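Okay, structure first, notes after.
What follows draws every value from the coordinates through simple rules; no lab data is involved. Everything quoted here is computed from the prediction, not taken from an experiment. Note that we place each Cβ from the backbone using ideal geometry, even for glycine, and neighbour counts take in every protein chain shown.
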Amino acid sequence: MSFRPDHELHRRRMGRNLGIGLVLVVFVGLVFGLTIAKISGGGQISGFDHSVRPELVPEETQ
Amino acid sequence: MTDVRTHQIDSPALSPEAGFGDYVALLKPRVMSLVVFTALVGLLVAPVPVHPFVGLTSVLFIALGAGASGALNMWYDADIDRVMRRTRGRPVPAGKVAPQEALAVGLGLSGIAVVMLGLAANWFAAGFLAFTIFFYAVVYTIWLKRATPQNIVIGGAAGAFPPMIGWACATGGISVESVAMFLLIFMWTPPHFWALALFMKGDYENAGVPMLTVTHGRRATRAHILVYSVLLAPVSVGAALTGIGGPVALAAAVVLNVLFVVGALRIWRRDEVQAAADAYAVEKRFFRFSLAYLFLCFVSFLAEAALKSWGLGGW
């Protein structure tokens, strides 16, 4: 079995495809990094999740 | 900021198909660099600290929004760009990217930039970015640019919003300081652009763009540069007196504005014969200085913020 030779189109668009690939990798990295930054920011990240969790209710001040 | 590189469209190296670089060029990377800088300063001088990674992503998506509006501008202005020396090498007039493709890239990236800024920072900043894209693409490009010689004055607001968006990313709102940064760029844009219009002789006229040089003549343009430069001075000094300013920013504003007004006076004193004799040397020098002026004004705000973190600077 042999590999088919690349079509001329593949060579012609190589730079463009690599560029798009790189941009997508950077985008995934940004979303991942943003998620980590938001989570480590100490904000509220859990909710009631279908059942009442008293520890999530802010304490009332008298 | 304006991309003043001229392009050679008859180059034998012209690719029949757009490469990745052509799509990047569609986003006007040189204009994006100004947006990145001013938005970053707006974010850093704000009194609310932002997580460094959140700040970085926010600035990136503001820049992406600016790039998207650049692509929309290239889609709509392809006919004008084809005529002007300065712009005829852009991807759409050069035939590398189809206008519909530029429109799709512009709209797609606008949506991504706005949604991602909303997720990264806050939805007020995201709405502000959406408004800025709308202002540049629709109010300036589609409406004002071909309709009035005041196109640069009003349309310049689009380029003045990024530091306000950067500030909004940190604070979630608008304040005197962010409005001061907006006004600084807003008042700076007309003399910057009109100086360019003076030495890019004939470009706007050939394209039928009602630039001040075309509708009111070069003498009136020189007078307008002087008037706006004089009006810019109190705005710039005023910004240095707000919460983002301090002694360093005030000193920088005074020196820079004296130099700016002197440059504008030199332009005003000259006529076309004198300008043609030295190939518009004074106008070109003023244009280059205007870039340094804005950069240094914003660096001075940044310096004040840095000094404040060490217990110095500020009022």
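Once the Cβ-Cβ distance of A:Arg16 and B:Leu296 is raised to the sixth power relative to R0 = 30 Å, the FRET efficiency obtained is 0.20. The value of relative contact order for chain B, using C-alpha pairs under 8 Å at least six residues apart, is 18 percent.
Backbone phi angles across the stretch A:7-15, fed through the Karplus curve with coefficients 6.51, -1.76 and 1.60 (θ = phi - 60°), yield HN-Hα couplings of 5, 4, 4, 5, 5, 5, 9, 4, x Hz in residue order; Gly and Pro are listed as x.
Rounded, prolate or oblate: which fits the stretch B:112-269, taking a ≥ b ≥ c as square roots of the Cα gyration tensor eigenvalues, rounded meaning a/c under 1.5, else prolate when a/b beats b/c? Here the stretch B:112-269 falls in the oblate category. When only Cα pairs below 8 angstrom with a gap of at least 6 residues are kept, the stretch B:15-174 shows a relative contact order of 34 percent. The mean number of partner chain beta-carbon atoms within 10 angstrom of a residue's beta-carbon across peptide A:3-14 is 1. All other residues whose Cβ lies under 11 angstrom from that of A:Arg12 are scored, Lys and Arg at +1 and Asp and Glu at -1, for a net of 0.
Debye sum, Cα scatterers, chain B, no solvent: what log₁₀ I/I(0) at q = 0.06, 0.07, 0.11, 0.14 1/Å? Normalising to I(0) and taking log10 leaves -0.20, -0.28, -0.69, -1.09. Here the Kirkwood formula, the inverse mean of 1/r across different C-alpha pairs, assigns the protein assembly as shown a hydrodynamic radius of 22.7 Å.
Is the shape of the stretch B:131-198 rounded, prolate or oblate, going by the alpha carbon gyration tensor and its root eigenvalues a ≥ b ≥ c, with a/c under 1.5 for rounded and a/b larger than b/c for prolate? Judged from the Cα gyration tensor, the stretch B:131-198 comes out oblate (a/c at least 1.5, b/c at or above a/b). Using the Cβ-Cβ distance between B:Ile112 and A:Val57 with R0 set to 35 Å, the FRET efficiency works out to roughly 0.40. As a calculated quantity, the FRET efficiency between B:Gln274 and B:Trp143 at R0 = 45 Å, using C-beta atoms, amounts to about 0.80.
Taken as Cα centroids, the stretch B:35-104 and the stretch B:213-256 sit 25 Å apart, rounded to the nearest whole angstrom.
Only lysines eight or more places from B:Lys28 in sequence, or on another chain, were considered; those with a Cα closer than 29 Å are B:Lys96, B:Lys145, B:Lys201, B:Lys284. Looking only at the stretch B:64-98, which residues have a backbone nitrogen under 15 Å from a spot 7 Å from the Cα of A:Lys38 in the C-beta direction? Zone members listed by number: none at all.
Per DSSP H run of at least 4 residues, take -39500 (n - 2.57); add these up for the protein assembly as shown, divide by its residues and hand me the 222 nm value, nearest 500 deg cm²/dmol.
Values: 17 runs with 253 residues, N = 377.
-22000 deg cm²/dmol, from helical runs alone.
Taken one residue at a time, the phi angles of the stretch B:249-255 give Karplus couplings (6.51, -1.76, 1.60, θ = phi - 60°) of 5, 5, 4, 4, 4, 4, 4 Hz. Gly and Pro are set to x. Listed from fewest to most Cβ neighbours within 10 Å, the set B:Glu283, B:Glu101 follows the order B:Glu101, B:Glu283.
With the convex hull drawn around the C-alpha atoms of the stretch B:15-174, the volume per residue stands at 102 Å³.
Figure legend: label point modelled 7 angstrom from the Cα of B:Val83 along Cα→Cβ; residues of the stretch B:193-231 with amide N under 15 Å from it are B:201-215. In order along the stretch B:127-140, phi translates into HN-Hα couplings of x, 5, 5, 4, 5, 5, 4, 4, 5, 5, 6, 9, 5, 7 Hz, rounded to whole numbers, per the Karplus curve 6.51 cos²θ - 1.76 cosθ + 1.60 with θ = phi - 60° and x for Gly and Pro. Rounded to the nearest 20 debye, the dipole magnitude of chain B is 620 debye, with +1 charges on Lys and Arg beta carbons, -1 on Asp and Glu beta carbons, and the Cα centre as origin.
By the Stokes-Einstein formula, at 1.002 mPa s and 20 °C, the stretch B:74-138 with its Kirkwood radius over alpha-carbon pairs has D equal to 165 µm²/s.
So what is the diffusion coefficient of the stretch B:197-315 in µm² per second by Stokes-Einstein at 25 °C and 0.890 mPa s, using a Kirkwood Rh over Cα pairs? Mind dumping the intermediate values first?
On the way: Rh = 15.7 Å.
D, rounded to a whole number, is 156 µm²/s.
Across the stretch B:170-261 the C-alpha pair distances fall into 10 Å bins from zero in the proportions 16, 38, 26, 17, 4 percent.
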